[in-house]
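Some notes on the structure that comes next.
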Amino acid sequence: MGREEEYRRLGLPADEIRKRRNDAYTNGVVEDLWKELFGLLVLPESEMSDLMQRALNYLYSLWKQLFNYRKMESIP
């Protein structure tokens, strides 16, 4: 079961969901993703396909919006 499913199953209040979305585990996952993204972005363009470059740049440009869910009460 995923974490979001667990939050719904437990009927957690919004403040508890936000707290859990920002716990050490989640922060670690986000930090690891951020490091991986930057590690890939600094590679020479010749080492990856154009599609991969576009995907990484897209992820970078939307990073803040992607993780705004951590502030929300629930995910629809």
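The values are calculated or read from the model by the stated rules, or taken from the named source; none is laboratory data. Remember, predicted model here, so these are calculated numbers, not experimental data. Here the Cβ positions follow ideal geometry from the backbone for every residue, glycine too, while neighbour counts run over all protein chains shown. The protein model used for the area step is the full one, side chains on, heavy atoms only, and it has no ligands, DNA or RNA in it. Shrake-Rupley method; radii C 1.70, N 1.55, O 1.52, S 1.80 Å.
Here's a check for you: in the range 13-42, which residue that is in contact (Cβ under 8 Å) with a residue 24 or more places away in the chain and farther than 20 Å from Met72 by Cα is most open to solvent (accessible area, probe 1.4 Å)? So the residue we want is Trp34.
Here's the yes/no breakdown for (1) of a type in the set (Gly, Ala, Ser); (2) in contact (Cβ under 8 Å) with a residue 40 or more places away in the chain; (3) surrounded by 10 or more Cβ atoms within 10 Å (Cβ to Cβ):
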position	(1), (2), (3)
Glu4	no, yes, yes
Gly11	yes, no, no
Pro44	no, no, no
Met52	no, no, yes
Leu62	no, no, yes
Leu66	no, no, yes
Arg70	no, yes, yes
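Of all residues in the range 13-57, those that are under 25 Å from Arg3 (Cβ atoms) and among the hydroxyl-bearing types (Ser, Thr, Tyr) total 2.
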